[in-house]
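To keep things clear, I will list the structure first and then write my remarks on it.
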Amino acid sequence: IDKKEVARQTTAFFFEKPKGFKFLPGQFVEIHLSKDLVHEFSIASSPKEKELIITTRMRPSAFKNSLNNLKISSRVKIDGPFGQFVLHKNKKIPAVLLAGGIGITPFRSMIKNSVNRKITLFYSNRKTKDAAFLDELKELENKNKDFKLVSIVTSLTSHIKPKMIKENIKDRQKAIYYAVGSTGFVQSMANLLLEMKIKPENIRTENFSGY
């Protein structure tokens, strides 16, 4: 029903939510444009929002070209929701979100839907203009006393440093960590957390391939 650019070469697509469609923040859907053009996307919208939002880097591919060329009001098939990458149930345990680039999409859904839960987001991008939803996240931080945003702009491979986590997370061993982004980013975050003696069962990850 709509689309808009939310960062450099990054577009959010808005779909009418299918009747009776329910999901948990962090889950994903399959978008079917045709029999051969199918792609998985994390849901960027929260369950409270009217539309279903997906967001993607607009790199050349048959699927993304077709998606971008869809006329407003075109029909697509949406399957789902799928996935277990959702926030833990105990709201007393802090959540620490580690996002690399477009990995922000499931976290937007989680943050928008969150009530009475301590969430700290470390959001790493090479340049500010590459950071999707950054202004909105800053607004959410101002409105929600339980949400803290740590924006990192760097071209370095090791984006988020142990020092940053130590300075911003008091209950480091108690918190549960979620990392989303490229395979390299997610692996580096998992390694960093393990080096900080975070228990493996407190580390949850999701790789975005093809970006």
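Each value in this text was obtained by applying a stated rule to the coordinates, not by laboratory testing. The shown structure was predicted, so the numbers you read here are calculated from the model rather than taken from an experiment. Quick reminder, even Gly has a Cβ in these numbers, built from the backbone with ideal geometry, and neighbours come from all protein chains shown.
For this structure, a couple of remarks:
- Length added when fully stretched, Lys71-Lys166, from 0.36 nm per residue minus Cα-Cα: 29.4 nm
- The stretch 113-173-the stretch 1-67 distance, computed between alpha-carbon centres (Å): 23
- In the stretch 1-60, the ratio of gyration radius to Kirkwood radius, Rg to Rh, stands at 0.96 when only Cα atoms are counted.
- MRE, 222 nm, helices only [DSSP H, n ≥ 4, -39500 (n - 2.57), over the chain, to nearest 500]: -6500 deg cm²/dmol
- Ordering 22-31, 38-47 by mean Cβ neighbour count within 10 Å, with the highest value first, yields 38-47, 22-31.
- Reduced Cα scattering model of the chain, Debye log10 I(q)/I(0), q = 0.08, 0.17 Å⁻¹: -0.27, -1.21
- Net length gained if the chain between Lys199 and Lys138 were fully extended (0.36 nm per residue, minus Cα distance): 19.0 nm
- Multiplying the residue separation of Phe21 and Phe82 by 0.36 nm and removing their Cα-Cα distance gives an extension gain of 20.8 nm.
- Each residue of the stretch 23-28 is assigned a 3J(HN,Hα), and the resulting list reads 8, 9, x, x, 7, 10 Hz, derived from the Karplus form 6.51 cos²θ - 1.76 cosθ + 1.60 (θ = phi - 60°), x at Gly and Pro.
- Rough spin-label spacing in nm, given labels placed 7 Å along Cα→Cβ, for Arg8 and Val38: 3.5
- Pairwise label distance in nanometres, Thr154 with Lys50, each label 7 Å out on the Cα-Cβ vector: 4.2
- Cross-link check: pairs Lys4/Lys91; Lys35/Lys112; Lys50/Lys143; Lys48/Lys161 evaluated at a Cα-Cα cut-off of 23 Å; pairs beyond the cut-off: Lys4/Lys91; Lys35/Lys112; Lys48/Lys161.
- Taking 29 Å as the limit for the C-alpha separation, the pairs Lys163/Lys199; Lys64/Lys89; Lys22/Lys163; Lys92/Lys127 exceed it in the case of Lys64/Lys89; Lys22/Lys163; Lys92/Lys127.
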